[in-house]
Amino acid sequence: MEQAQWHKLSAEEVFESLSSSQAGLTTEEASSRIAQFGKNALPDSQQKSIWLLFFQQFTDLMIVILLCAAIISGVIGELIDSIVIMIILALNAMMGTFQEYRAQQALSALKHLAAPNANIWRDGKLCSVSSELLVPGDVVHLEQGNIVPADLRVVSVEGLKVDESSLTGESIPVDKQIDALTAATVSLGDKSNLVFKNTNVVKGKCLAVVVETGINTEVGKIANLLQNKQETKTPLQIRLMRFSRYLAAAVLIICLIVLVAGVLQGQPLLLMFLTAVSLAVAAIPEALPAVITISLALGARNLFKQHALVRNLPAVETLGSVTYICTDKTGTLTQNKMSVSTLYTENTFFEQLPQTSVELGQALALCNNVIYQQQKGFGEATELALFELALKSGFDKKLLEETMPRTAAIEFDSKRKLMTTLHPSSSGYVAYVKGAPERVIERCVDAHTNELPSPFCVQSLLEQVDNLSAQGLRVLAIAKRDFSQLPDSITTESVETDLQFLGLVGLIDPLRPEVPQAVKDCVSAGIIPVMITGDHQGTALAIARQLNIAQQQSEILSGEQLAQLSQQQLIDKVTEIRLYSRVSPEQKLNIVAALQQNHQFVAMTGDGVNDAPALQRADIGIAMGKKGTDVARGASDMVLLDDDFSTIVRSVQAGRRIFDNIRKFIKYTMSSNSGEIWTLFLAPLLGLPIPLLPIHILWINLVTDGLPGLAFSAEKAERNIMQRPPRPVQENIFAHGMWQHILWVGLLVGGLCITVLAWDISAGNSYWQTSVFTVLVFAQLFHSIGVRSEIDSIFSIGLMSNKPMVYAVSITVLLQLAVIYIPSLNDIFHTQPLPIETLLICVLVSSVVLWAVEIEKYLIRKFDIYNNS
């Protein structure tokens with residue numbers, strides 16, 4: 001029988017279908033069934049070895065190119081360059097290995113949630129066995145504090161409440177009952193006669209028969225979804241793969257042209273070969289992995305200060321490309337703490353308990369199971385809210401119980417939907433009753449006539465209940481009954497009738513105060529927030545409307561409605577939906593997959609076992625740190641230590657800043673390399689000598705791509721960073737004017753170098769090579785300062801706003817001056833000391849690059865050239 005149908009059968013039909021009874025199975029029957037169904041355990045995941053994970057880090061094209069560069073550098077004698085590249089690649093590989101290894105632990109964490117033992121009926125007696133040995137047909141005894149060992153059909157119950165939040169997302173413990181459910185479709189959270197593996201019994205006890213074990217349980221289905229992980233690449237990885245292909249092709253073509261042009265000019269073949277090889281090494285930005293890693297690490301450190309723990313470094317940048325954030329409601333958008341929003345008593349609405357409502361205040365304080373210790377209440381969320389309102393209004397439960405101790409009680413059950421406590425009073429005894437409004441109101445009488453209230457009064461009260469429910473409030477009714485003496489029989493028939501209505505209480509899990517602004521920031525950044533919750537639609541819709549996430553009914557889907565859609569229908573419809581309620585784990589996964597099929601980049605938040613498959617499938621999975629399970633954290637890329645939605649928005653800003661800074665580094669280093677290539681390419685064509693030696697090229701590559709390049713990782717965010725839409729994943733990394741910038745800056749630097757070269761030669765200066773060498777270094781340093789912002793002038797953002805860049809440029813200047821003026825280095829680098837006036841001319845000529853970049857940014861601001869937002 002399909003698992004989805006167990007809730008439709010009566011207890012007798014379930015026993016008949018499983019060939020079992022309330023006495024349980026015999027040992028012989030259990031042994032034969034375990035051979036048929038297998039152990040009640042989740043499958044072991046097929047995990048990759050640590051070494052395989054390590055070597056897989058070297059399959060990326062950019063990494064292969066850098067490995068080739070390292071080998072070539074070693075062959076031509078530049079061992080330092082070779083060693084530096086190798087160290088950078090090794091560190092990146094170790095970091096990637098560690099991240100992937102940790103990501104493999106999600107299924108292991110899921111297995112560890114299982115109950116070790118279960119109390120079952122075997123051979124007609126109650127005994128404890130390993131939960132792995134349970135089979136369909138076993139009868140399990142559950143009580144408060146137990147972990148449910150398999151999926152079970154409840155057959156007898158005493159006040160059972162089960163915390164299913166990790167599986168369904170339902171924040172309030174669920175009441176269980178034994179009757180069959182007749183609805184055509186029932187969501188997982190509404191299967192009130194079933195209890196599920198790995199959920200927790202928080203109150204009461206029951207007998208239940210095992211209906212599904214192992215991989216066939218609801219949590220087993222989740223484990224299966226976790227095993228079917230699809231490998232996805234981050235936006236940065238996708239862009240860098242394209243960049244690597246373009247770069248590899250360009251380097252080969254340019255180096256071949258330089259080699260042929262030099263040989264045709266009559267230059268020695270060996271010199272031109274070394275020059276071409278050196279140019280190839282210089283053209284490859286070997287500092288790029290270090291810049292990316294440092295940028296991501298600094299971003300992760302800053303996010304940790306803002307209560308976000310990054311488990312997977314690439315996730316930091318991925319956040320900057322997110323187009324959809326699928327978020328849970330409880331605890332993420334809301335405070336995960338029920339509080340009283342409104343009171344209706346004496347035909348009036350109040351925000352606080354009025355002083356005249358003494359009976360109502362006493363009822364709120366006494367009719368609950370809250371334990372008050374060390375100035376703090378402990379208990380179920382709804383009861384705590386009522387208790388705290390009473391305490392705040394001067395009705396202290398501890399003090400009241402000194403004169404009105406609880407004498408008797410009728411505990412809440414899911415059929416009556418009422419709770420009653422009895423206490424001594426001045427007139428004898430009083431019973432305080434709270435529960436579902438329709439159940440309380442139907443038991444009330446008129447306070448003056450002791451007769452049933454008029455239909456008008458009843459209808460008026462029920463309309464108030466409907467109005468409050470429509471606002472997303474959970475509504476309870478409070479009533480009382482006075483007795484001259486304690487009833488002989490404390491039953492619902494003798495106590496919970498002829499009640500006097502005291503009031504209605506509307507409760508809500510309030511929004512976090514910072515969330516409305518965070519949602520607005522999302523929208524202004526071009527990111528669409530979507531709420532996916534286990535709560536009922538009414539409650540979820542009220543919160544979604546407060547936040548302007550959803551307004552129209554067409555923007556809402558329930559789990560039952562989702563079940564009627566094919567995956568293709570969901571793909572066609574998913575971009576129109578802003579709120580999902582009562583969804584299953586597989587449906588969450590399908591929602592994420594459907595958005596991805598629409599070329600959206602999806603961030604998914606979650607805290608429970610039920611969220612783990614969707615967290616793993618999402619482009620960025622975000623688990624809750626406070627209330628999250630180990631399974632959810634294991635499947636995630638980032639953990640919110642404060643469970644706060646606004647932290648996600650701050651993380652998006654950090655991700656965009658990191659991508660911007662990586663773009664700035666690529667723009668800077670490729671423009672620098674372009675300048676070197678144009679200098680070497682144009683000089684022979686114009687009949688001038690080769691302006692640079694291989695050692696000059698490698699030195700420029702080392703000092704300008706090194707410290708200044710790394711300093712870009714410390715650059716602050718652009719001022720418009722959260723007012724522009726996410727960059728499309730398919731967008732080339734050279735978009736928004738980058739390739740034009742690289743081309744014209746390279747030509748400008750090449751032109752400046754050729755001009756200095758021609759001027760020195762015509763003037764008969766023997767140090768012409770050193771002049772070109774110096775202009776090229778200083779031009780790149782000026783360029784690094786100019787491209788610190790894509791749109792704002794360096795004079796508006798301030799030279800000192802990135803102190804690491806100031807230090808990096810200063811150190812590079814000192815190193816270049818050492819190469820020019822220290823005699824021992826002159827021999828190594830084939831340089832000559834420049835006259836001071838020549839040095840100043842070289843610096844002045846190089847500064848043209850900075851002024852040209854400032855003009856470009858002025859045009860961007862004024863005319864929006866390159867369509868730069």
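Within the range 327-365, track down each residue that is crowded, with 21+ Cβ neighbours inside 10 Å, in contact with a Ser or Thr (Cβ under 6 Å, 6 or more places away or on another chain) and farther than 23 Å from Q537 by Cα.
L353, L360, G361
Go through the range 125-156 and report how many residues are open to solvent by 50 Å² or more (accessible area, probe 1.4 Å) and touching a residue at least 24 places away in the same chain (Cβ under 8 Å).
Of the residues in the range 125-156, 6 are open to solvent by 50 Å² or more (accessible area, probe 1.4 Å) and touching a residue at least 24 places away in the same chain (Cβ under 8 Å).
Only one of (1) in a helix (DSSP H, G or I); (2) modelled with pLDDT under 90 is not met by E16, so which one is it?
(2) is the only condition that E16 fails.
With respect to the numbered conditions (1) touching a residue at least 40 places away in the same chain (Cβ under 8 Å); (2) farther than 19 Å from P835 by Cα; (3) not in a helix (DSSP H, G or I), which one is the sole condition not fulfilled by L743?
Here L743 meets the rest and fails (3).
Can you tell me which residue in the range 443-462 is farthest from G159 (Cα to Cα), limited to those that are of a type outside the set (A, V, I, L, M, F, W, C) and surrounded by 15 or more Cβ atoms within 10 Å (Cβ to Cβ)?
P453
Taking the conditions exactly as written (in a strand (DSSP E or B) and within 30 Å of N347 (Cβ to Cβ)), does L502 satisfy them or not?
It is true that L502 is in a strand (DSSP E or B) and within 30 Å of N347 (Cβ to Cβ).
Within the set of pairs 6 or more residues apart or between chains, which connect a residue that is closer than 30 Å to H736 by Cβ inside the range 833-862 to a residue that is in a helix (DSSP H, G or I) and open to solvent by 40 Å² or more (accessible area, probe 1.4 Å) with Cβ atoms less than 7 Å apart?
Between residues of the range 833-862 that are closer than 30 Å to H736 by Cβ and residues that are in a helix (DSSP H, G or I) and open to solvent by 40 Å² or more (accessible area, probe 1.4 Å), the close pairs are S846/F782; S847/F782; V849/L748; V849/F782; L850/F782; A852/L748; L859/I865; I860/Y866.
Based on this model, can you work out whether S414 counts as open to solvent by 30 Å² or more (accessible area, probe 1.4 Å) and either at pLDDT 95 or above or more than 27 Å from V157 (Cα to Cα) (or both)?
no
Filtering the range 458-490 down to residues that are within 43 Å of the chain's Cα centre (by Cα) and assigned to a loop (DSSP other than H, G, I, E, B), which residue is modelled with the lowest pLDDT?
Here the answer is G472.
Using the structure shown, decide if Y767 is of a type in the set (F, W, Y) and either open to solvent by less than 20 Å² (accessible area, probe 1.4 Å) or touching a residue at least 40 places away in the same chain (Cβ under 8 Å) (or both).
Against the criterion (of a type in the set (F, W, Y) and either open to solvent by less than 20 Å² (accessible area, probe 1.4 Å) or touching a residue at least 40 places away in the same chain (Cβ under 8 Å) (or both)), Y767 qualifies.
Tell me which residues, restricted to the range 367-386, are open to solvent by less than 90 Å² (accessible area, probe 1.4 Å), part of a loop (DSSP other than H, G, I, E, B) and modelled with pLDDT under 85.
If the condition is that a residue be open to solvent by less than 90 Å² (accessible area, probe 1.4 Å), part of a loop (DSSP other than H, G, I, E, B) and modelled with pLDDT under 85, then G379, E380 are the ones that fit.
Looking at V515, V430, V465, V475 in this structure, which one is within 26 Å of Q352 (Cβ to Cβ) and in contact with a His (Cβ under 6 Å, 6 or more places away or on another chain)?
None of the others qualify; the one that does is V430.
Out of S810, S796, S784, I need the residue that is closer than 18 Å to C842 by Cα, part of a helix (DSSP H, G or I), under 43 Å from the mean Cα position of the chain (by Cα) and free of Cβ contacts under 8 Å to residues at least 60 places away in the same chain. Which one?
S810
Just checking, which of K161, K205 is at pLDDT 90 or above, open to solvent by 10 Å² or more (accessible area, probe 1.4 Å) and not aliphatic (A, V, I, L, M)?
Just a single option satisfies the conditions, and that option is K205.
In the range 301-343, what residues are among the aromatic types (F, W, Y) and modelled with pLDDT of 85 or more?
Passing the criteria: only Y324.
Tally the residues that are within 20 Å of S19 (Cα to Cα), among the hydrophobic types (A, V, I, L, M, F, W, C) and not in a strand (DSSP E or B), restricting the search to the range 127-157.
Going through the range 127-157 one residue at a time, the tally reaches 4.
Filtering the range 389-404 down to residues that are buried (at least 18 other Cβ atoms within 10 Å of the Cβ) and assigned to a helix (DSSP H, G or I), which residue is nearest to the chain's Cα centre (by Cα)?
For the range 389-404, the residue satisfying everything is L389.
List pairs: first in the range 391-417 and hydroxyl-bearing (S, T, Y), second in a loop (DSSP other than H, G, I, E, B), Cβ under 6 Å, 6+ apart or cross-chain?
As it stands, the answer is S393/L353; S414/Q177, since those pairs meet every condition given.
Here are G377, G394: which of them is of a type in the set (G, A, S) and over 21 Å from Q355 (Cα atoms)?
Testing whether each residue is of a type in the set (G, A, S) and over 21 Å from Q355 (Cα atoms) leaves just G377.
Which count do you get for residues in the range 567-599 that are outside any helix (DSSP H, G or I) and crowded, with 19+ Cβ neighbours inside 10 Å?
Final tally of qualifying residues: 8.
When the residues of the range 27-62 are filtered to those that are among the small types (G, A, S) and not in a helix (DSSP H, G or I), which remaining residue is modelled with the highest pLDDT?
Only one residue tops the list, namely G38.
Would you check if there is a residue in the range 429-437 being aromatic (F, W, Y), open to solvent by 40 Å² or more (accessible area, probe 1.4 Å), touching an Asp or Glu at 6+ places or on another chain (Cβ under 8 Å) and farther than 30 Å from C206 by Cα?
Within the range 429-437, one or more residues are aromatic (F, W, Y), open to solvent by 40 Å² or more (accessible area, probe 1.4 Å), touching an Asp or Glu at 6+ places or on another chain (Cβ under 8 Å) and farther than 30 Å from C206 by Cα.
Say we look at the range 693-721 and pick out the residues that are assigned to a loop (DSSP other than H, G, I, E, B) and under 27 Å from V806 (Cβ atoms); which of these is modelled with the lowest pLDDT?
Among those that are assigned to a loop (DSSP other than H, G, I, E, B) and under 27 Å from V806 (Cβ atoms), it is G706.
The values are calculated or read from the model by the stated rules, or taken from the named source; none is laboratory data. None of these values were measured; they are calculated from a predicted model. Quick reminder, even Gly has a Cβ in these numbers, built from the backbone with ideal geometry, and neighbours come from all protein chains shown. In case anyone asks, the SASA skips ligands and DNA or RNA and just uses the protein heavy atoms, side chains included. Shrake-Rupley method; radii C 1.70, N 1.55, O 1.52, S 1.80 Å.
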